[in-house]
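Let me begin by presenting the structure, written as structure tokens, before commenting on it.
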Amino acid sequence: MSLSAISDIEKTLLLAIALGNEFRLKAHNAQEYYYRFLPGDLNLSGKTVMKKIRKAFDSLTAKGLIMKHPTRGALTFELSHAGLTLAFGLRDFLDNNS
């Protein structure tokens, strides 16, 4: 899968998961990542932000890039092998183009 096949918010979430090894979907940390990496949408309500983030998580899960953590609860996600490969490719792309 190429980087152009995923949205900016999906790229952001992939990097967030890669940096922390897993990601627990809670309103406060999800919004923090969203606002930090996608600052163009600062005027959105928290409810709208969570809908966008949940949609991105569903999309990443459907593409096989992330999976629910087997023992840490339904809202904790980790990278699949394909997601890890793509996240490292994204990191390298950002490093080389900054």
Roughly what would the spin-label model give for Asp8 and Ser59, points 7 Å off Cα along C-beta, in nm?
-> 1.2
Please work out the FRET efficiency for the pair Leu19 and Asn43, using the Cβ-Cβ distance as r and a Förster radius of 41 Å; give the result to the nearest 0.05.
-> 0.95
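Every number here is computed from the coordinates shown, using simple stated rules; none is lab data. In this text the structure is predicted, and so the values were computed from the model without any measurement. Here the Cβ is made from the backbone with ideal geometry for all residues, glycine too, and neighbour counts use every protein chain on show.
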